[in-house]
Amino acid sequence: MTLRAIIFDVDGTLAETEEEHRRAFNETFGHFGLDWRWDRKLYAELLKVTGGKERIRDYVARHRPSCEGRVGPIVKAMHEAKTERYVANLGGGGIKLRPGVARLIREAKAAGLRLAVATTTSLPNVRILLTETLGPDALDLFEVIAAGDMVAAKKPAPDVYLLALDRLGLPAADCVAIEDSYNGVMSARRAGIAVLATSSEYTRFDDLRHAQGVVSDLGEPDAPYLHLGGVGSSHTHVTVDMLRRYYGLSTTFSAG
Ligand code: XBP
Ligand code: MG
């Protein structure tokens, strides 16, 4: 077995984007004449449901049941407006990749590894993040982008990772996933892929124990990561050599 590809999650893994998602949701609610405001505490709770449309529906069902009849039919339109806002806001600049992400992408390309994305978020959101942070040619770096509604069941279901594997034409054993959340780790593991987890702002308290290794971030040579569990305790930053050594394992997964 040889490691051939890295499959990256997006939100929380490539960049701390959830505050931008929250802002776009709140701006959209205002635009639709709704006085809803998702604060950080509520949003941390709502993030347990992946996908923006699914998150809005879950919020209405649990917090605004009286709005169901009025809002239910316009969730799709609201979410399209949210995506437009998110893209416009990110396009205004200022968003940064998390530590070690750009370095690892460069090293992986130089080492001949293939790159893919497997995310719950919508495709335009992935495109704007990649081009804003890595430049106009960033999309060429990633052979496969599996995103949003390309699959029926979002994370923690394995579908988006299975789609990425299918499009790469690789078995799970030849890949490693980089994730930041419980839902993401479970999704990749259910697809049989080994996972390196980097804990993020909104997932600090998530159970990431199903990942083979958990670190605070990918680290840099002069800014070591904090080792939080599993493999990788004797390293300072995630490298291609480290991924080859510990990940790309063929693993079946049966837990819940
Ligand atoms: C994170 C998510 C996404 C975003 C919202 O997914 O749950 O739903 O919060 O994106 P991941 P949309 O970490 O797997 O990228 O509104 O576009 O659905
Ligand atoms: Mg994530």
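The values are calculated or read from the model by the stated rules, or taken from the named source; none is laboratory data. As the structure is a computational prediction, the values presented were derived from the model and not from experiment. Cβ atoms come from the backbone with ideal geometry, glycine included; neighbour counts cover every protein chain shown.
Considering the range 30-54, the residues that are touching a residue at least 24 places away in the same chain (Cβ under 8 Å) and buried (at least 17 other Cβ atoms within 10 Å of the Cβ) include one that is nearest to residue 85 (Cα to Cα), namely 52.
Which members of the range 95-137 meet the condition of being farther than 19 Å from residue 82 by Cα, within 16 Å of ligand 1 (Cβ to nearest atom) and of a type in the set (Gly, Ala, Ser)? Within the range 95-137, 116, 118 meet the criteria. Considering each residue of the range 71-82 in turn, none proves to be within 16 Å of ligand 2 (Cβ to nearest atom), touching a residue at least 40 places away in the same chain (Cβ under 8 Å) and buried (at least 18 other Cβ atoms within 10 Å of the Cβ).
Determine whether residue 105 is closer than 22 Å to residue 207 by Cα and either outside any helix (DSSP H, G or I) or at pLDDT 95 or above (or both). Taking the combined requirement at face value, the residue does not satisfy it.
Of all residues in the range 115-137, those being more than 18 Å from the chain's Cα centre (by Cα) and closer than 21 Å to residue 5 by Cα number 1. The set of residues in the range 36-74 that are away from ligand 1 (no atom under 11 Å from the Cβ), more than 17 Å from residue 17 (Cβ to Cβ) and aliphatic (A, V, I, L, M) comprises 42, 60, 61, 71, 74. A single member of 107, 16 is surrounded by 16 or more Cβ atoms within 10 Å (Cβ to Cβ), within 16 Å of ligand 2 (Cβ to nearest atom) and either under 27 Å from residue 187 (Cβ atoms) or without any contact (Cβ under 8 Å) to a residue 40 or more places away in the chain (or both), and it is 16.
Yes/no matrix, rows are residues, columns are (1) in contact with a strand residue (DSSP E or B) (Cβ under 8 Å, 6 or more places away or on another chain); (2) charged (D, E, K, R); (3) closer than 22 Å to residue 129 by Cα:
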residue	(1), (2), (3)
21	yes, no, yes
30	no, no, no
47	no, no, yes
86	no, no, yes
100	yes, no, yes
106	no, yes, yes
